[in-house]
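Below: one structure, written as structure tokens.
The values are calculated or read from the model by the stated rules, or taken from the named source; none is laboratory data. Predicted model, so just to flag it, every value in this text is computed and none were measured. Note: ideal-geometry Cβ built from the backbone for every residue, glycine included; neighbour counts use all protein chains shown. Just so you know, the surface numbers come from the protein's heavy atoms only, side chains and all, with ligands and any DNA or RNA stripped out. Shrake-Rupley method; radii C 1.70, N 1.55, O 1.52, S 1.80 Å.
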Amino acid sequence: MLISLFFITFAVTMVLNYIWVAFFLVAFVIAAVKLLFWGDYDVFPAMMDSTFSSSKTAFEISLGLTGVLSLWMGVMKVGEKGGVVNVLARLLSPVFTKLFPDIPKGHPVTGSIFMNIAANMLGLDNAATPLGLKAMEQMQELNTKKDTASNPMIMFLVLNTSGLTLIPVSIMVYRAQMGAAQPTDIFIPILLATFFSTIVGIIATSLFQRINLLNRTMLLTLGGACTLVAAVIWGFSQMDSETMNRWSTTVANILLMTIITGFIVAGVRKKVNVYDAFIEGAKEGFTTAVRIIPYLVAILVGIGVFRASGAMDMLIGGLRACVDACGVDAQWVDAMPTALMKPLSGSGARGMMVDAMTTYGADSFVGRLSSVFQGSTDTTFYILAVYFGSVGVSKTRHAVTCGLLADLAGILAAIAVCYLFFA
């Protein structure tokens, strides 16, 4: 099992390796052509300048993340120890019981599934991954074909890859560090986009597995959620852009402050030493901020060289020409590198998001759309590789198809929502 996990995870890592190497090789070839055939003597100095400026930017971003990331990781730790994950798991229980009909009632795996999804929704990655691996092991015990993904496994992973997150902490932290006037202004757009990706993922998987969604519990839950989302979209569509931004930011900040206060109250009720719990989480946040420095330097330098050579402009320009030929507004095209990278690599997509905010501005349409892309789905191929690899499953059936359909829905929803809120 561990050997299988190692090799599949290694394969996914190699994909990012190839992409990173391609940044430099393609940039070098294009720069050489520019120099030899167009006499562009500035292209190589520009590429070298980008390596220094990008590495400096990466370090400054990581350093600036330390305080805010420590804050939110501390708050999350308080919520985790205060039993918020358990409460959310109990709320999700009636719905997920209908989505996993092949799991016997009362089986221990049910608790692991609920806890994993609840932790993911709260952005508690450190808690979610171990719970997810445990759930996969328990589902493998029920699986009659050990090398083939079972229906519950696929539904579980699609829910993970659809990226349903209630608190997109890391994205708001990056926006704050990049100088956004209101880092929380993407809070509601991300909730809407990730809602659509999750709904499409559930529907697609249910169709493959012939799960009946037309029952009282699912109709009330999904119908109520869709009605609420439709009401939110309708309500904001009636406002002018200034009023919409003011209400969106106000509601987002009220919700976030309510969550922080609620977590603290939950910790007090559980008789948790809230201060110590916060410090424990804050230490993890500090460690995380330091740990991402090499990854952020690597990806931002690669993207910087790729952009300085003109390769990024050629790629985006080609896509924009195709979109313009269709008579469609192409404002969203500049943010697409983040969307295309997200299913492959979380760190790669994060680098693309930061590059977009650096190039176009954190409060630009492209900067905001890149942030919403980052929060609308999760790293599909990495999640499938790690979770399936942990139990030795090689035949994934319809998992990739459903995961990518959820990704596509998230991308389209992100574009539509950003036009509504920010265009």
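What about residue 128, is it in contact with a Leu (Cβ under 7 Å, 6 or more places away or on another chain) and either closer than 30 Å to residue 188 by Cα or among the β-branched types (Val, Ile, Thr) (or both)? No. Filtering segment 29-52 to residues that are hydroxyl-bearing (Ser, Thr, Tyr) and open to solvent by 60 Å² or more (accessible area, probe 1.4 Å) leaves only 41. Could you list, in sequence order, all residues of segment 373-389 that are open to solvent by 30 Å² or more (accessible area, probe 1.4 Å) and at pLDDT 80 or above? Matches in segment 373-389: 378 only.
Checked against the criterion of being in contact with a helix residue (DSSP H, G or I) (Cβ under 8 Å, 6 or more places away or on another chain), closer than 18 Å to residue 370 by Cβ and in a helix (DSSP H, G or I), the candidates 281, 304 yield just one match: 304.
So is residue 340 surrounded by fewer than 22 Cβ atoms within 10 Å (Cβ to Cβ) and in a helix (DSSP H, G or I) or not?
Yes; evaluated as a whole, the condition is true for this residue.
The residue list 349, 416 contains one member that is closer than 18 Å to residue 197 by Cα, open to solvent by less than 20 Å² (accessible area, probe 1.4 Å), small (Gly, Ala, Ser) and assigned to a helix (DSSP H, G or I), which is 349. Screening 310, 392 for residues that are more than 21 Å from residue 170 (Cβ to Cβ), among the small types (Gly, Ala, Ser) and open to solvent by 20 Å² or more (accessible area, probe 1.4 Å) leaves exactly one candidate, 392. Show the residue pairs meeting these rules: Cβ distance below 6 Å; 6+ apart or different chains; first residue within segment 188-215 and of a type outside the set (Phe, Trp, Tyr); second residue open to solvent by 50 Å² or more (accessible area, probe 1.4 Å) and part of a helix (DSSP H, G or I). Pairs found: 200/405; 204/405. Would you confirm whether any residue within segment 232-241 is closer than 30 Å to residue 152 by Cβ and touching a residue at least 12 places away in the same chain (Cβ under 8 Å)? No, that holds for no residue.
Conditions (1) under 24 Å from residue 259 (Cβ atoms); (2) of a type in the set (Gly, Ala, Ser); (3) crowded, with 21+ Cβ neighbours inside 10 Å, marked per residue:
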site	(1), (2), (3)
62	no, yes, yes
67	yes, yes, no
74	yes, yes, yes
79	yes, yes, yes
84	yes, no, yes
94	yes, no, no
98	no, no, no
106	no, yes, no
114	yes, no, yes
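For residue 103, the criteria (1) touching a Leu at 6+ places or on another chain (Cβ under 8 Å); (2) in a helix (DSSP H, G or I); (3) farther than 21 Å from residue 199 by Cβ hold in every case but one, which is (2).
If I filter segment 248-259 down to residues being in contact (Cβ under 8 Å) with a residue 40 or more places away in the chain, hydrophobic (A, V, I, L, M, F, W, C) and surrounded by fewer than 17 Cβ atoms within 10 Å (Cβ to Cβ), which single residue comes out as farthest from residue 422 (Cα to Cα)?
255
Can you say whether residue 67 is without any contact (Cβ under 8 Å) to a residue 40 or more places away in the chain, more than 15 Å from residue 169 (Cα to Cα) and assigned to a helix (DSSP H, G or I), as far as the supplied structure shows? Criteria not met by residue 67.
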